[in-house]
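Following: one structure in structure tokens, then a few remarks.
The values are calculated or read from the model by the stated rules, or taken from the named source; none is laboratory data. Predicted model, so just to flag it, every value in this text is computed and none were measured. Don't worry about glycine lacking a Cβ; one is built from the backbone with ideal geometry, like all the others, and counts go over all protein chains shown. Keep in mind that these areas ignore ligands, DNA and RNA; they rest on the heavy atoms of the full protein, side chains included. Shrake-Rupley method; radii C 1.70, N 1.55, O 1.52, S 1.80 Å.
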Amino acid sequence: MSLFNAIIGALDSPDRAASPDGIGAILNTVQSLSQGTQANPENLQSAMSIVGKYVRSSLQEKQNNEGEANAQAIVNQFSGTSPSPQVVQILFSHPQVEQIAAEVEKKTGLSANMIQSMLPSLVPLVLQFLQSGTDMSNPQNTNSVLNAFLDADGDGDVDIADAMQMASRHLGK
């Protein structure tokens, strides 16, 4: 199942945390970040995609080493539209933060310093997007969106920026 299909499935399921308002809040926060930093929205979406790739890798490592419940716990604890420097420290080493910033700078032209300062805002947004698949009636059940993001079926289809754009179109935002 693609990430977008998992999100649509979560939006259509009353038991899942996904809601049009929740997805809208994520999109509005990205828009506010774009305006606040005077960054081109397309560049910020590219940055989100790159950050998502690193979040995916880190959550996969956490899942492999500490179990699926640990990856879900990180999503539950740190997802949101407010900045969290703590989640950046939990998911990434200092060299990884520099690597993320350098990759975003190379692909978007946004400065590495700007990206490093934005990571505490971008990472919780990625996690908020992932939390949309949480089963509200039984949180221990598999999170369909997180599972698709971590690409349990190995098809490589995990681009968070594309999924956010499609969800935005689906919701008419």
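Quantify, in whole percent, the carbon and sulfur part of the accessible surface of the chain (1.4 Å probe; protein heavy atoms only). Using a 1.4 Å probe with all protein chains present, the chain comes out at 44 percent carbon and sulfur. Candidates (1) 38; (2) 33; (3) 10; which is the computed percent of Cα pairs over 30 Å apart? Derived directly from the coordinates: (3). Cα centroid separation, the range 1-70 to the range 72-135: 10 Å.
Calculate how steeply helix 68-78 sits against the longest principal axis of the alpha-carbon atoms of the chain, using the helix alpha-carbon long axis, and give the answer as 0 to 90 degrees to the nearest 10. The angle comes out at about 60 degrees. With a simple spin-label model that places each label point 7 Å from the Cα along the Cα-to-Cβ direction, the separation between N65 and D21 comes to 3.8 nm.
Simple spin-label estimate for N141 and Q86 gives 2.9 nm between the two label positions (7 Å along the Cα-to-Cβ direction from each Cα). Using a probe of 1.4 angstrom and keeping all protein chains present, the accessible surface of the chain works out to 47 square angstrom per residue. Under a 5 Å amide H cut-off, with hydrogens placed 1.01 Å from N, R16 pairs with M136 among residues at least 5 apart or on other chains.
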